[in-house]
Amino acid sequence: MQKIKNIAVIAHVDHGKTTLVDELLQQSGTFEAHQEVEERAMDSDAIEKERGITILSKNTAINYGDHKINIIDTPGHADFGGEVERVLKMVDGVLLLVDAQEGVMPQTKFVLKKAIAFGLIPVVVINKIDKSGAEPDRVMDEVFDLLVALDANEDQLEFPVLYAAARDGYAKWEMEDENKDMTPLFEAILEKVPYPKGSPDADTQAQVFTLDSDNFVGRIGITRIFNGKVKKGDEYLLVKADGSKSKSRISKLIGFKGLERIDIEEAEAGDIVAIAGFNDIDVGDSVCDPQNPVALDPMHVEEPTLSVIMSVNNGPLAGQEGKHVTSNKIKERLDKEMETNIAMRMEPMGDASFKVSGRGELQIGILAENMRREGFEFMLARPEVVTKEENGVKMEPFEHLVVDVPEEFQGVAIEKLGKRKANMTSLNPMPDGTVRLEFEIPARGLIGFRSEFLTDTKGEGIMNHSFLEYRPYSGTVESRTPGALVSMDNGEAVAFSIFNLQSRGVLFIKPQDKVYSGMVIGESARPGDLDVNPLKGKALTNMRTSGADEAIKLVTPRQITLESAMEWIEDDELVEITPESIRIRKKSLDPVVRKRLARDKKNAK
Ligand SMILES: Nc1nc2c(ncn2[C@@H]2O[C@H](COP(=O)(O)OP(=O)(O)OP(=O)(O)O)[C@@H](O)[C@H]2O)c(=O)[nH]1
Ligand SMILES: [Mg+2]
């Protein structure tokens, strides 16, 4: 039987997980000498590469001595926490990375809490010790305190600690040790991570934790084998979470080696392999012995906390830039997403609209970004938190928020967060002159906060949050104060009028951009919406001839991204998304209807 270790790499966003996996791949000699390997090789998806973040967890395998180590790289962003949750069940140990300067962050807590609950003993890696602001001792204390706070058992409190600079390719047991290579970390994995339980001679039990597809063989389930063997060509029973069963033959069995996948004939208990041949295979399904099927527990993933209404684009520019614009197409695409993305939900709402729920704006934003790249056109409404009822009490999600701000912005940050119903739990001066403030805040209060926070802190503030728990509903929270600049005409924006509008607020458009009546073209400097005309005035060429082009100095418009637009909009606004554009608009394009709605709203107050 092969000696196997299964580990997941977990951490807060950007603490160096994917970089560490690069080094483990390199230094285990898994790559051929001539093989060219990109940086952060596991971040293989286009959006992952562009943004430098991991979105989907992915697995790889390396050989080290006589051992095979299956490694699962996980995403650190809180919105993808569902990925981490399901992966933890598949492994026998975790490498918990913590940035030697940033220390314990919200998502460190979230992932460690899950790992502790699964009974895993973390191998703690204090990473980025090369940073000038690194304070490995302080961070080590923070990790220990966190484990105590999470009710870790005695074995877990005896966790091993290493100090590393993943990017520079070394890890060591003591800070005083020489910077050499990753050998100490390999040793730690072999020594401290237990071997998989289960027996190759027992009846087959495996569970799918990720899906993949292949043009030739169709759906592929990446599975962890807990007992018995899986063999290519043999028949197995697929048991779904709802108990339904179907029999099929494994048409292809795939093993992992570095970044490659290889066809194999057989694999046994403890290993991680991909199987093809089951058309309806899904995440969480059990692959069992047909004679004696014993399904594994279905996977638990925490429920979505945020939802957004996605609807068919019905604006005046609809259908001009996208390929897939109908409600049927959108539904088909969302259905497909829900099959693989177990942390998300979708519910048709009638009126060509769908409620899409996930863990946060980024998760929903990435889905929307993928859809627009595939040629879809649609609209998104303002995100809403998912509330629920417990014993007759309305509950809403709360988040754990950490903000790091230069001292001079501490006051404004505390004041603004207070208005959003945040409760401060700690305030610590950091060695680099910043202050670390921690809060518990209703998730609602965070919607739209980021842009305001960045403005207030002149771009120097850093905020991080992750899901804490559901708590009783906390009443109204404050939202965006500035109004919108709304176009009152259809056509192409004119430089001259944009120039004149600059004093009214911050514009989102540039000359020649298509605009329409009811489209939001900027953020007003004052509260309350303002109807403006971006088409008025002389054409730029006339200006030139009159020699006044000196005066036409256009400020660069504010770049609106999918997520920033989602965060910015109010209840009566929508984001229009096409493969080429992201526009913000009023829900009702008719100015008369808008005035009436505004009046009704005012009277209601
Ligand atoms: N100074 C320093 N930077 C590092 C080190 N390790 C990684 N980084 C940098 O930290 C950044 C984030 O690295 P990643 O490996 O993408 O981090 P990650 O934890 O995988 O991030 P997510 O998957 O998005 O959560 C990159 O710019 C790396 O180059 C290190 O040891 N020292
Ligand atoms: Mg990563």
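The values are calculated or read from the model by the stated rules, or taken from the named source; none is laboratory data. Computed from a predicted model, the values in this text were never measured in an experiment. So basically every Cβ, Gly included, is an ideal-geometry build from the backbone, and we count neighbours across all protein chains shown. Side chains are part of the model used for accessible areas, which takes the heavy atoms of the whole protein and leaves out ligands, DNA and RNA. Shrake-Rupley method; radii C 1.70, N 1.55, O 1.52, S 1.80 Å.
Working note: Karplus 6.51/-1.76/1.60 with θ = phi - 60° gives segment 6-23 the couplings 10, 10, 10, 9, 10, 4, 5, 4, 6, 7, x, 4, 5, 5, 5, 5, 3, 5 Hz, where Gly and Pro are set to x. Sorting Thr457, Thr561, Thr434 on solvent-accessible area from highest to lowest, probe radius 1.4 Å, gives Thr561, Thr434, Thr457. With a 1.4 Å probe and all protein chains kept in place, how much accessible area does His300 have, in Å² rounded to the nearest 10? His300 has an accessible surface of roughly 130 Å² with all protein chains in place.
Using only side-chain charges placed at the Cβ, +1 for Lys and Arg and -1 for Asp and Glu, the dipole size of the chain relative to its Cα centre rounds to 2840 debye.
Once both labels are positioned 7 Å from their Cα atoms along Cα-to-Cβ, the gap between Ser246 and Ile462 label points is 4.7 nm. Here's the picture: charge each Lys and Arg Cβ at +1 and each Asp and Glu Cβ at -1 in segment 1-122, and of Thr60, Ile121, Ala11 the one pushed furthest to the positive end of that dipole is Ile121.
Placing +1 on the Cβ of every Lys and Arg and -1 on the Cβ of every Asp and Glu, with nothing else charged, gives segment 236-285 a dipole about its Cα centre of roughly 160 debye. Between segment 352-369 and segment 557-605, what's the alpha-carbon centroid distance in Å? Going from one Cα centre to the other spans 17 Å.
The stretch between Gln291 and Thr476 holds 60.8 nm of extra length on full extension. This uses 0.36 nm per residue minus the Cα-Cα distance. Packing, taken as the mean count of other beta carbons within 10 Å per residue, orders the peptides 571-581, 472-482, 521-531 from highest to lowest as 571-581, 521-531, 472-482. Between Asp212 and Arg345, the simple spin-label model (points 7 angstrom out along Cα→Cβ) gives 3.1 nm. The heavy atoms of Tyr470 offer some 40 square angstrom of accessible surface to a 1.4 angstrom probe. In this structure the amide hydrogen of Gly505, modeled in the peptide plane, comes within under 5 Å of the amide hydrogens of Ala525, none closer than 5 places in sequence on its chain. Contact order, relative form, for the chain: 10 percent (alpha carbon pairs under 8 Å, 6 or more residues apart, mean separation divided by residue count). Taken one residue at a time, the phi angles of segment 355-367 give Karplus couplings (6.51, -1.76, 1.60, θ = phi - 60°) of 8, 10, 10, x, 8, x, 4, 5, 4, 5, x, 5, 4 Hz. Gly and Pro are set to x. Averaging Cα coordinates gives a centre for segment 508-539 and one for segment 1-22; these two points are 49 Å apart. Taking +1 at the Cβ of each Lys and Arg and -1 at the Cβ of each Asp and Glu, which of Gln207, Met371, Met430 sits farthest along the dipole of the chain towards its positive end, judged by Cα position relative to the Cα centre? Farthest towards the positive end: Met371. Between Val435 and Val405, Glu407, Met430, the built amide H atoms are under 5 Å apart, and every one of these is 5 or more places off in sequence or on another chain.
Here the Karplus curve 6.51 cos²θ - 1.76 cosθ + 1.60, taken at θ = phi - 60°, turns the phi angles of segment 517-522 into couplings of 4, x, 7, 8, 10, x Hz, with x standing for Gly and Pro.
His77 sits with roughly 50 Å² accessible to a 1.4 Å probe, with DNA, RNA and ligands left out of the calculation.
Pop out the Kirkwood hydrodynamic radius of the chain from its pairwise C-alpha distances, inverse of mean 1/r, in Å to one decimal. Final number for the Kirkwood radius of the chain is 26.5 Å. Any of Lys329/Lys388; Lys89/Lys336; Lys323/Lys510; Lys197/Lys247; Lys5/Lys89; Lys17/Lys172 with alpha carbons more than 20 Å apart? Name them for me. Over 20 Å apart, Cα to Cα: Lys329/Lys388; Lys89/Lys336; Lys323/Lys510; Lys197/Lys247. Taking amide H atoms as placed 1.01 Å from N in the peptide plane, the amide H of Ala241 has no partner under 5 Å among residues 5 or more positions away or on other chains.
Spread over its residues, the convex hull of the C-alpha atoms of segment 90-185 is 99 Å³ per residue. For the set Glu452, Glu50, solvent exposure ranked by accessible area (probe 1.4 Å, protein chains only) runs largest to smallest as Glu50, Glu452.
Sort Met299, Met371 by accessible area with a 1.4 Å probe, largest first.
Putting Met299, Met371 in descending order of accessible area: Met299, Met371.
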